[in-house]
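In what follows, a single structure is set out as structure tokens and then discussed.
Here, each number is a calculation from the coordinates, and none is a lab measurement. Quick caveat: nothing in here was measured; it's all calculated off a predicted structure. Every residue, glycine as well, gets a Cβ built from its backbone with ideal geometry; the counts of neighbours run over all protein chains shown.
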Amino acid sequence: MNKLAKELFAAQPMMLECSAPLNICGDIHGQLSDLIRIFNMVHSSSELSINSTIFQVGWPPTVNYLFLGDYIDRGQWSVETILLLLLLKLKFPDNFLLLRGNHETVIVNRIYGFYEDLVRRFGTPRLFNSFQDVFAVMPMSAIVSDRILCMHGGLSPQLLSAASIDILNRIARPVPDPPNPSLPLDLLWADPDINIKKFKFSIRGVSCTFGPDVLQTVLEKFGLDLVARAHQVVQDGYEFFSNRKLVTIFSAPHYCGQFDNAAAVMIVNDDLQCSFKVKL
């Protein structure tokens, strides 16, 4: 299965181009039962939009999905979670889209549970290495209907000097663990910060943070309306930044059993109107 998944990802652009309607999900982190609850959630009739062909959170292929990364580590069911997601990707390659997160890198998932999970259950690191080959060719960004830019982490200084947004497609594969600093690393790790201007080194020790001025410049330069990203736990499952020009989406409720956060899915309709389904 990993061989097939690797071939499929490698055949897709590094920046996926997709169209609304679709649902956008943030971090899952091995919380398999919560992932299944996302697929099982359905809007009540009072929440349906007569102007939208997407009116439910359900199983593919009924609904199109874009996941923003961080499928493994920390949760109890990392192996089952990534297997389910890859199987759905193989079954529905065009309307079930998966981006890479920072936990889909060796330097992170070797430490935060995935490696130990695989070795404990299967007695060999070979399967771990096989998954890394898959992660190394996964797309790192997506653009929805030319207006919503999506990634796991955030914006990079290289976007400010880029002639076009196609710079996101020119990232050469495979990308094992991106160097620091680099465009791929920022797509996986960068965070917004309302209190700064331009860029600043991140307190994570990896990548950078970026201010509202950077966000505005990127939106205007590339004709975008919104940046959608994941990577940070937010209390209500989603959180807007800088006058609703960026949104952070987190889809693992009660993260690690240590937080009381909700989970959210962003539902983008035909008209690019965004609403949220929240799971407490």
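Structure values in brief
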{"read-out": "C-alpha center-to-center spacing [segment 124-138, segment 60-78] in angstrom", "value": "17 Å"}
{"read-out": "Overall Cα dimensions of segment 220-280, principal axis frame, Å, largest first", "value": "40, 22, 15"}
{"read-out": "Total charge dipole magnitude, the chain, about the Cα centre, Cβ charges on Lys, Arg, Asp, Glu only, Debye to nearest 20", "value": "480 debye"}
{"read-out": "Residue among Ile82, Ile111, Ile267 with the largest mean-square fluctuation in a Gaussian network model of the chain, springs linking Cα atoms under 10 Å", "value": "Ile111"}
{"read-out": "Calculated P(r) tail over 34 Å for the chain, as whole % of Cα pairs", "value": "13 percent"}
{"read-out": "C-alpha center-to-center spacing [segment 151-206, segment 211-239] in angstrom", "value": "13 Å"}
{"read-out": "Difference of contour (0.36 nm per residue) and Cα-Cα distance, Ser145 to Asn195", "value": "15.0 nm"}
{"read-out": "Span-like helix ranges in the chain, DSSP H, alpha carbon extent 15 angstrom or more, Kyte mean at least -1.0", "value": "78-91, 212-222"}
{"read-out": "Helical mean residue ellipticity (222 nm; -39500 (n - 2.57) per DSSP H run of 4+; nearest 500) of the chain", "value": "-8000 deg cm²/dmol"}
